[in-house]
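Below is one structure, written out as structure tokens; the observations come after it.
The values are calculated or read from the model by the stated rules, or taken from the named source; none is laboratory data. The structure presented is a predicted model; accordingly, all values stated were derived computationally and were not measured. So basically every Cβ, Gly included, is an ideal-geometry build from the backbone, and we count neighbours across all protein chains shown. Each accessible area value is taken on the protein alone, full model and side chains, heavy atoms only, with ligands, DNA and RNA left out. Shrake-Rupley method; radii C 1.70, N 1.55, O 1.52, S 1.80 Å.
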Amino acid sequence: MAQRKPFRWHIVVFLAPAVLVYTAIMIVPLIGTLNLSLFSLTEAGERVFVGLQNFATLFGDPRWSESFWNALINNAWFFLIHMLVQNPIGVMLAALLSSPRLRMAAFYRTAIFIPTILSFVIVGFVWKLILSPIWGIAPGMLDAVGLKSLFAPWLGKEEYALTTLALISVWQFVGIPMMLIYAAMLSIPDEVIEAAEMDGVTGWSQFWKIKLPLILPSIGIISILTFVGNFNAFDLVYVSQGALAGPNYATDILGTFLYRTFFGFQLQLGDPHMGAAIATAMFAIILVGVSIYLFAIQTRLRRYQF
Amino acid sequence: MNSARHSVFRSVAAHGILILYTVIALFPVFVIVINSFKSRRAIFNEPLALPTPETFDLIGYQTVLKQGDFFQYFLNSMTVTVGSLFFVLMFGAMAAFALSEYRFRGNLLMGLYLALGIMIPIRLGTVAILQIMVASGLVNTLTALVLVYTAQGLPLAIFILSEFMRSVSDDLKNAGRIDGLSEYKIFFRLVLPLVRPALATVAVFTMIPIWNDLWFPLILAPSEETKTITLGSQVFIGQFVTNWNAVLAALGLAIVPVLVLYLIFSRQLIRGITAGAVK
């Protein structure tokens, strides 16, 4: 029998710090939160196991379920706007940037990415000021092109506020799809493009038939990153509309709903157990989304090896 | 002839669209910065004009520096960001080295376990994180934030760094082993210096969300002594919402450090995102 190798302690030493911190601060609390959603407080302030009752309240009690569905639908709309606006703009900018012999490409790249590095606090307030009817930058600019009648206090109107916020968020994050797709486009070998040109495939049809299929995996990754980011968003709404996600909850998304439930607001007291139930629901939504991506979309996307 | 004219047209159109979008991206920042240097009257009368000697006014900045303890907030943000960055890079590189260098039972499983955190946001565990921090007396300390951000940054750091570490030559490490270097020395003396560019990339990726985060400072460390600059400016602006000079100046102060950091590191960041694609 071969001699057993001595135990390689250095592997443990290398892995231990990362695994410990990650497990203690991320995995354990995550499981703890899922677990906490099964408990509740009695009148006497004792914590008791209530099974799925918190979820029954969340989905069954009209006061809760109305807020939950409102937040979920708003969140879905928020995500849809990102997919419909952010990705096409990102693809277009990346396609332009990657065109050969484009001058100042580095400058455009750097400048267009700047909003992405700003914090939500800055972005939220900056746009709030610009769109403010008091200051008058937005109405003034519309006036200059003769469209003043189109102006409305967008962030203050129930029917526009959420879409406006989604567009602000798109403005902020368009740099990420731009960069990732730009990278994907740069990695398309010249031979493929040359072969297409030999066959007379140029311009638009080259983009649709050659480049787009090759960057689809990147678009897939961007979509799932956007999905996770959107369904876990909080800051932008909190900064620009407050924890109440006004006007009249029109901009309430799951993140702000979780925050309000957990910490309470105005007359309602904070409730960690219902908060945990909402976090669990968000966890399930994100898990379903990520699974759909991993199993249904990613396996069907063809990857080309060069 | 025709195709040359065609390509000129296309290049002009490309620049046109890119310039238009650059203006859209930079316009809000520009408006804030120029107006933060103007007097109240000028802010409202001519919001788009550059500050002139008549309208130039630092009253906003004076209010901010007098009222809010922005220097302290800035220091807190620096401490939290640099501290978290150090641990993410250190622990992340060590774990990535273990995963990419050694074959051991459970290697793949460990990799998957650590990668979970890339997809699942740490915020969902907030309720329990707060309980842990309360139980261990870490609420309203910067340590709590450093711990959370370290855990948050590790998964992606390990993922990216192990990709890079696989490309470090085996011959070099084996030569080190023959010369009698311990595994620790091989990691610290040979491998770590070689993956420095990757470390810089991970640093930039990790740094931006930490610096900009509002959620955890708001929940774990909202006290005056531990406010980060992001939370500090949020609270300040909330209080001074009618004092436009002060609000604009606070925004200006919040933008500048990030912008400077970005301009220093933008090359690194872009190289990191487009890694492997550069021909």
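Under a point spin-label approximation (7 Å from Cα along Cα-to-Cβ), what is the A:Phe49-B:Arg103 distance to one decimal in nm?
Here the modelled spin labels are 4.5 nm apart.
Kindly state, to the nearest 0.05, the FRET efficiency for B:Asp69 paired with B:Leu112, given R0 = 56 Å and r defined as their beta-carbon distance.
Approximately 0.80, to the nearest 0.05.
For the Cα atoms of chain B, what angle does the longest principal axis make with the long axis of helix B:229-239, in degrees from 0 to 90, nearest 10?
Approximately 30 degrees, to the nearest 10.
Would you please give the residues with an amide H less than 5 Å from that of B:Lys38, counting only those at least 5 places away or on a separate chain, with H modeled from the backbone geometry?
Amide H to amide H, under 5 Å and 5 or more residues apart or across chains, B:Lys38 pairs with B:Asp57.
May I ask for the equivalent-ellipsoid semi-axes of chain A, computed as the square root of five times each C-alpha gyration tensor eigenvalue and listed largest first in whole Å?
Calculated on Cα positions only, the semi-axes equal 39, 34, 18 Å.
Over all pairs of distinct alpha carbons, what does the Kirkwood formula give as the hydrodynamic radius of the range B:62-148, in Å?
For the range B:62-148, inverting the mean 1/r across all distinct Cα pairs yields 16.0 Å.
Would you mind telling me the share, in percent, of accessible area of the range A:52-297 contributed by carbon and sulfur at probe 1.4 angstrom?
Exposed carbon and sulfur together represent 68 percent of the surface.
Give the cross-link partners of A:Lys157 among the lysines, using a straight C-alpha distance below 22 Å as the criterion and excluding same-chain residues fewer than 8 apart.
Output for A:Lys157: A:Lys128, A:Lys148.
So what's the protein assembly as shown giving for Cα Rg divided by 2.2 N^0.38 Å, two decimals?
1.04
For A:Gly264, list long-range residues whose amide hydrogen, built 1.01 Å from N in the peptide plane, is under 5 Å from its own amide hydrogen.
A:Gly270, A:Asp271
Among rounded, prolate and oblate, which fits the range A:55-140 when a ≥ b ≥ c are the square roots of the eigenvalues of its C-alpha gyration tensor, a/c under 1.5 means rounded, and a/b larger than b/c means prolate?
Note, shape of the range A:55-140 comes out oblate.
Please report the buried accessible area for the interface of A with B, total over both chains, probe 1.4 Å, in Å² to the nearest 100.
When A and B are taken together, about 7900 Å² of accessible area is lost.
Give me the Debye-computed log₁₀ of I(q)/I(0) at q = 0.13, 0.14, 0.27 Å⁻¹ for the range B:1-83, equal point scatterers on Cα only, no solvent, two decimals.
-0.69, -0.74, -1.12
Only Cα pairs under 8 Å and at least 6 apart count here; give the relative contact order of the range B:121-246 as a rounded whole percent.
34
In whole Hz, what ³J(HN,Hα) sequence does the range B:84-91 give by Karplus (6.51, -1.76, 1.60; θ = phi - 60°), x for Gly and Pro?
Listing the rounded values in order: 4, 4, 4, 5, 4, 5, 5, 5 Hz.
Suppose all protein chains stay in the model; what accessible area per residue would a 1.4 Å probe give for the range A:52-297, in Å²?
Numbers: 10470 Å² over 246 residues.
Roughly 43 Å² per residue, with all protein chains present.
At a Cα cut-off below 28 Å, give the lysines reachable from B:Lys185, other chains included and same-chain residues fewer than 8 away excluded.
Cα-Cα hits under 28 Å: A:Lys5, B:Lys173.
Show me, for the range A:94-107, the HN-Hα J-couplings you get by feeding each phi into the Karplus relation (A = 6.51, B = -1.76, C = 1.60, θ = phi - 60°), rounded to Hz, glycine and proline as x.
5, 5, 5, 5, 8, 5, x, 6, 7, 7, 6, 4, 4, 5
Would you please put B:122-133, B:215-226, A:52-63 in order of how densely packed they are, using the mean number of other Cβ atoms within 10 angstrom per residue and starting with the highest?
Those peptides, ordered most packed to least, come out B:122-133, B:215-226, A:52-63.
Measure off, as a whole percent, the carbon and sulfur share of the 1.4 Å-probe accessible area of the range B:48-135, all protein chains present.
Working: 3150 of 4500 Å².
Reported share for carbon and sulfur atoms: 70 percent.
Decide, for the range A:1-99, between rounded, prolate and oblate: order the square roots of the alpha carbon gyration tensor eigenvalues as a ≥ b ≥ c, take rounded if a/c falls under 1.5, and otherwise choose prolate if a/b is larger than b/c, else oblate. Spell out each step's value before the answer.
Details: a/c = 3.77, a/b = 1.10, b/c = 3.43.
Oblate.
Using a basic spin-label model with each label point 7 Å from the Cα along Cα→Cβ, how many nm lie between B:Phe86 and A:Trp208?
5.7
Tell me, how many Å apart are the Cα centres for the range B:131-206 and for the range B:211-236?
Using only Cα atoms, the two centres lie 27 Å from each other.
Keeping all protein chains in place, calculate the accessible area per residue for the range B:70-239 (probe 1.4 angstrom), answer in Å².
42
Using modelled backbone amide H atoms (1.01 Å from N, in-plane), which distant-in-sequence or interchain residues come within less than 5 Å of A:Phe39's amide H?
A:Val50
Taking the Cα centre of the protein assembly as shown as origin, sum charge times position over the Cβ atoms of Lys and Arg (+1) and Asp and Glu (-1), and report the length of that vector in debye to the nearest 20. Don't skip to the end; give the middle numbers.
Values: 36 positive and 28 negative charges, 292 e Å.
So the dipole magnitude of the protein assembly as shown works out to roughly 1400 debye.
If you stretched the chain out fully between A:Leu84 and A:Leu142, how much longer would it get, using 0.36 nm times the residue separation minus the C-alpha to C-alpha distance?
Working it through step by step, the gained length comes to 18.4 nm.
Taking the Cα atoms only, what angle lies between the long axis of helix B:196-212 and the longest principal axis of chain B, rounded to 10 degrees?
40
So what J values fall out for the range A:152-157 if you push phi through Karplus, 6.51 cos²θ - 1.76 cosθ + 1.60 with θ = phi - 60°, rounded to Hz, Gly and Pro as x?
With the stated coefficients, the range A:152-157 comes to 8, x, 4, 6, x, 9 Hz.
Let me understand the range A:159-240 better: what is its radius of gyration from the alpha carbons, and its Dmax, in angstrom?
17.2, 54
Assuming R0 = 22 Å, what is the FRET efficiency of A:Ser99 and A:Asp199, from their Cβ-Cβ distance, to the nearest 0.05?
Efficiency, from the Cβ-Cβ distance: 0.65.
Relative to the isolated chain, which residues of the range B:203-221 have their accessible area cut by 20 Å² or more in the presence of all protein chains (1.4 Å probe, heavy atoms, no ligands or nucleic acids)?
B:Ile208, B:Asn212, B:Leu214, B:Trp215, B:Leu218, B:Ile219
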